Amino acid sequence: MDGVYQEIWGTLIAYNLIRLEIAKAALAVKCEPTEVSFIRAFHLIQFELHWAGVTRSYGKLPASMKHLRERLVSLLKDERPGRKCDRAVKATPKRYAVRKVKKLP
């Protein structure tokens with residue numbers, strides 16, 4: 001059970017760190033953080049951290065983080081496709097089909 005809690009907390013921390021980097025990049029160019037796609041930022045950060053983990057020179061990590069933020073800023077300039085439909089709350093399907101059984105006399 002402790003392993004499950006650890007995974008959940010790890011996921012929540014990673015999510016918040018990605019949102020923090022998005023906010024810092026948006027602040028640098030003075031725009032809204034919601035203009036950056038979370039999925040694209042996640043993939044970019046995942047790629048950059050993979051290569052940062054492989055590097056043997058830890059002195060390059062600050063430059064790597066600077067490069068990461070510059071690339072996040074470049075994501076701000078990309079146009080995100082608009083929605084095809086408005087968001088809507090869908091009705092949840094019933095769990096089981098309801099059958100009424102008639103009692104025999």
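Every number in this text was worked out from the coordinates using simple rules, so none of it is lab data. Keep in mind the model is a prediction, meaning the values are calculated, not measured. Ideal geometry is used to build each Cβ from the backbone, glycine not excepted, and the neighbour counts take in all protein chains shown.
Brief remarks on what is shown
- Straightening the chain between GLU35 and SER64 buys 8.1 nm, computed as 0.36 nm per residue apart minus the Cα-Cα spacing.
- Cα centre as origin, Lys/Arg/Asp/Glu Cβ charges: the stretch 1-74 dipole, Debye: 380 debye
- If R0 is taken as 22 Å, the Cβ-Cβ distance between PHE42 and TYR5 corresponds to a FRET efficiency of 0.45.
- Which label in (i) 27, 19, 8; (ii) 18, 17, 12; (iii) 44, 23, 11 gives the computed semi-axes √(5λ) of the Cα gyration tensor in Å: (iii)
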